[in-house]
Structures are given as structure tokens and as C-alpha cells.
Amino acid sequence: MMQDRGFKRKSKASSDIPSSSLADMAFLLLIFFMVSTTFRKEQPRDVEVPEAAATQKLDTPRKHILHIYVEPDGSIYINDRVVPPEALGAYVRPLYEDSDRRLVMVLRADREVPYSVINQVQLQLQSANATHLTYYTNLEQRVRRERR
Amino acid sequence: MAILKKKARVSGEIPTASMADIAFLLLVFFLVTTVFEEEKGLPIVLPEQGEEIEVSQKNVLHILIQPDGLVNIKRGESPQIQTVRYSEVSTIWRLEVSQNPNLIAAVKTAPTAPYRHMVNVLDELQSAGAQRIALQQLE
């Protein structure tokens, strides 16, 4: 029992977790998440994108990305507005110039859209000189792919 | 007067004990509702308008996508057509490019073919490390 004395002395340190700064920490985290949260500007579209195993992550900042939605019926939407296929180039050109030629087009087209629509989108983008295009895809697992 | 005095005894301080609870509640709400939407896909650089390069036929591998998803492979000028499933495209590309490092993949898709067939072939080519890919519509 005599040997225990040393331990007793050490246990004098307070065993309470300091809780007075808890609220400060919580608010700090809260403000961080409030600031970093960005709400989507666009309405969700009914588009089922294709899958690809070679899907890459894009490092382009959000402000340099333009989404082009192509719905199953072939209608094209940019920023919640219908854009006729033949006017796409004229619509994209000023946006591309404003972005200092750094704009990247992300094509979110439905998997069943006929290729002629996609081809027209590509030709229109070429006419606006907006040549950086990404086909939005979901990552496909290799295992699933080999089973097909 | 006695009644008024009793009322004034109520503490004038804001209760701070529950502050952390409120803050954490809000914190958890934002944690749960935040979605980090990442941009992903198959990147490609289209040629600029009017930028046409003459390519020798022997450096071109024609990949013709039919509306039913079958893929016809045509090597340069040879009239021989090989019909394969798209999953074989990466193997064929690896084999062909090992013989000719200057090879260009010319992907021609039928106008009525669903977009996913083109993405499947593009996926196969990019998985096999193909850099030079041309996309066209099949006439």
C-alpha cells in the first residue's frame, strides 16, 4: 500500500475535460461548413449518364465549368434554359471569351441520346472554339465490366 | 408592489450551458446536408475549327460503331472489316499501337447509335492509353 503514494500525487491533476471552449470550437466548425457549402444553381435534370471505367476527376475550378445537359429527347439545356442545337455555338462563345478561354464544357448527355445530337453539339462547340470537352460519366467498376 | 418584486427575481442572464448543444446540432445538420459534387468524366480536346491535318491512311485505325453497338474495325486502306464487340477494342488498340506508335483512332459513330456506345468505345481507348482519337459521325 505504501508504494501507491506516488500515484496518488499524480492524480491531483484535474480529470475534467475543459468544456468552456466547446461552443467556440463547434461554432468555428459550423462557420467553416456554412462558408464552404455551395448550393447548386441549376435544377436537377432527368439525365442518366453513361458509365466508363476510365473516368477521371476534373481539377478545373467550378467557375470555369459549363454544364451542357442533353435530355433523352435530344433537347439541350444550359443554365436551366433550352438552347436550340443550331444556336449553341453562339450561346457558348461569349461565355468562353469571358472566361479567358479557360472554360471547360462538361457534357451531361443521356446514355440513349442518338449520336447525331452529340455530333452537332461537338460541331457547335468547335465553331465557338470551345475545344475542351468532357463527357460526364460515372465510374464503372472493372469487375462489373468484365462480367458483361 | 409585492407581485412586481417577485417578477424581477428572474435571472437576466442568457443560459449558456446549452450553447454547445445548439452549435453542434447546426454543425451536424450542415455536415449531413453538404454534398461535395465532383466533376468527372472522359476529357477530350476537340480540334479547332478549320484545323485539318492530312493523315496517311496507314496511320489510321477506323473504328465504326453501328446502331446496334457492334464495332467494325478497318485498318487503314485495307478493305477488310473485322466486326467485334466494343469490349475487345482496347485489346485490338494495344496490339495495333505496338506495331505503329503513330496510330490514330478514328471513331465514327452511326447517327442513330445511342451515345453510350460511343462512350464505351472511348472508354476502351482511353483505358488502353490512346491519346490520338478523332470523333466523327458515320456517313
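The values are calculated or read from the model by the stated rules, or taken from the named source; none is laboratory data. Just so we're clear, the structure is a prediction, and the values are computed from it rather than from any experiment. So basically every Cβ, Gly included, is an ideal-geometry build from the backbone, and we count neighbours across all protein chains shown.
Quick notes on this structure:
- In the range A:56-83, the residues that are within 11 Å of another protein chain (Cβ to nearest Cβ) and of a type in the set (Val, Ile, Thr) never reach a residue that is in a loop (DSSP other than H, G, I, E, B) and surrounded by fewer than 15 Cβ atoms within 10 Å (Cβ to Cβ) with C-beta atoms less than 7 angstrom apart, at least six apart or across chains.
- Where A:GLU97 falls short, out of the listed (1) over 23 Å from B:HIS117 (Cβ atoms); (2) part of a loop (DSSP other than H, G, I, E, B); (3) among the acidic types (Asp, Glu): (2)
- Neighbours by Cβ (under 7 Å, 6+ apart or cross-chain): first from the range A:123-142, basic (Lys, Arg); second modelled with pLDDT of 90 or more: A:ARG142/A:ALA53
- The range B:37-87, residues that are facing chain A (nearest Cβ under 9 Å) and part of a strand (DSSP E or B): B:LYS40, B:GLY41, B:LEU42, B:PRO43, B:ILE44, B:VAL45, B:ILE65
- Qualifying residue in the range B:115-130 (condition: out of contact with any strand residue (DSSP E or B) (no Cβ under 9 Å at 6 or more places or on another chain), within 14 Å of chain A (Cβ to nearest Cβ) and hydroxyl-bearing (Ser, Thr, Tyr)): no
- The set of residues in the range B:73-114 that are β-branched (Val, Ile, Thr), under 24 Å from B:LEU46 (Cβ atoms) and out of contact with any Pro (no Cβ under 7 Å at 6 or more places or on another chain) comprises B:ILE73, B:VAL89, B:VAL97, B:ILE104, B:VAL107, B:THR109.
- When A:ARG111, A:ARG45 are screened for being more than 10 Å from chain B (Cβ to nearest Cβ) and of a type in the set (Lys, Arg), only A:ARG45 passes.
This table checks each residue for (1) in contact with a Ser or Thr (Cβ under 6 Å, 6 or more places away or on another chain); (2) modelled with pLDDT under 80; (3) over 21 Å from B:VAL35 (Cα atoms).
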residue: A:ASP4; (1), (2), (3): no, yes, yes
residue: A:PRO18; (1), (2), (3): no, yes, yes
residue: A:LEU28; (1), (2), (3): no, no, no
residue: A:ILE31; (1), (2), (3): no, no, no
residue: A:THR55; (1), (2), (3): yes, no, no
residue: A:ASP59; (1), (2), (3): no, no, no
residue: A:LYS63; (1), (2), (3): no, no, no
residue: A:LEU66; (1), (2), (3): no, no, no
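- Looking across the range B:84-139 at every residue that is among the acidic types (Asp, Glu) and surrounded by fewer than 22 Cβ atoms within 10 Å (Cβ to Cβ), the one that is farthest from A:VAL121 (Cα to Cα) is identified as B:GLU96.
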